[in-house]
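The values are calculated or read from the model by the stated rules, or taken from the named source; none is laboratory data. All figures in this text were calculated on a predicted structure; none of them were measured in a lab. Cβ: placed from backbone, ideal geometry, glycine included. Neighbour counts: every protein chain shown. Just so you know, the surface numbers come from the protein's heavy atoms only, side chains and all, with ligands and any DNA or RNA stripped out. Shrake-Rupley method; radii C 1.70, N 1.55, O 1.52, S 1.80 Å.
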Amino acid sequence: MTTKLKCLLLDDELPGLTYLKMLCEQIPEVEIIKTFNDPEKLLAEIPNLDFDLLITDIEMPGIDGLYLASLVQDKMVIFCTAYKDYAADAFTIDAVDYITKPVRLERLQKAVSKAFERFKNNTISIRRFVQLNTDRGKSLLYFDQIAYIKTAQGDSRDKTVFLTDGSVLNLKNINFDTLLKELPEADFCRVNKKEIVAIKAIKFFNHTEIVLHHLDENEKNSSVLLSETYRADFLKKIKNEL
């Protein structure tokens, strides 16, 4: 299912709010959570609202849009206003975009696309786990619990994850390229055709071998081959950690 931006709309003029809502309903990336024509009411309800993006007017009675945006600093804001005078102030508070009325669908779509890209980048940077198909059904795999991953012995289409607590998890029918796209790039590295290691799990290494903090069934440190094909990328990531 396509991710949608949870959105609040604010305009003190009802015709303008209705028109903005109509435009947003034509943009697939947007899910309208609630609309407001009173900034005071929006401010009162914000603690109870789950949203990603606020699309708001600026000049309104009571609280203006710029001040309101400064109170929701952890949320993205797009301004839609009849005035060009506030553009510099809007970008000072890191607004996603500044649209002058009358708002056109194409212009609003462009602004929403910018918000969506920012949302995706922020999500990637703070995401701590991924949900994958395993031999136990859908399971959450937390990045900080992974020591290393290798091709499963029984079926090469599957991958075995060795966790820092000593347990294992079998991922079903997933290739390394797909898996690497799900893992934080700076924290994991493929080291040969059959294995990926977590950078933080490395105890020491030489030209051809990597020894991990992770202990095998014999209580010895696990080791993996460092192949020539992946050595340059591995060394680059290790250097960045030093």
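Here are some notes:
- Tally of residues being over 18 Å from I202 (Cβ atoms) and either open to solvent by less than 50 Å² (accessible area, probe 1.4 Å) or touching a strand residue (DSSP E or B) at 6+ places or on another chain (Cβ under 8 Å) (or both) across segment 163-187: 11
- As for segment 213-224, it holds no residue that is modelled with pLDDT under 95, closer than 29 Å to K120 by Cβ and surrounded by fewer than 18 Cβ atoms within 10 Å (Cβ to Cβ).
- Of the residues making up segment 129-162, those that are under 12 Å from L183 (Cβ atoms) and either among the hydroxyl-bearing types (S, T, Y) or buried (at least 18 other Cβ atoms within 10 Å of the Cβ) (or both) number 8.
- Check on T18, of a type in the set (V, I, T) and not in a strand (DSSP E or B): yes
- Taking residues in segment 49-64 that are part of a loop (DSSP other than H, G, I, E, B), and partners anywhere that are of a type in the set (S, T, N, Q) and open to solvent by 10 Å² or more (accessible area, probe 1.4 Å), the pairs with Cβ atoms closer than 9 Å and at least 6 places apart or on different chains are M60/N37.
- Scanning segment 1-12 for residues that are closer than 17 Å to L108 by Cβ and open to solvent by 10 Å² or more (accessible area, probe 1.4 Å) gives K4, K6.
- Test for D85: is it over 19 Å from K6 (Cβ atoms), charged (D, E, K, R) and out of contact with any Gly (no Cβ under 8 Å at 6 or more places or on another chain): yes
- Just one of the listed residues (Y67, Y83) is in contact (Cβ under 8 Å) with a residue 24 or more places away in the chain, surrounded by fewer than 17 Cβ atoms within 10 Å (Cβ to Cβ) and either basic (K, R) or not in a strand (DSSP E or B) (or both), namely Y83.
- Checked against the criterion of being in contact with a helix residue (DSSP H, G or I) (Cβ under 8 Å, 6 or more places away or on another chain), of a type outside the set (A, V, I, L, M, F, W, C) and at pLDDT 90 or above, the candidates K150, K101, K114 yield just one match: K101.
- Segment 17-31, residues that are in contact with a helix residue (DSSP H, G or I) (Cβ under 9 Å, 6 or more places away or on another chain) and closer than 13 Å to P102 by Cα: L20, L23
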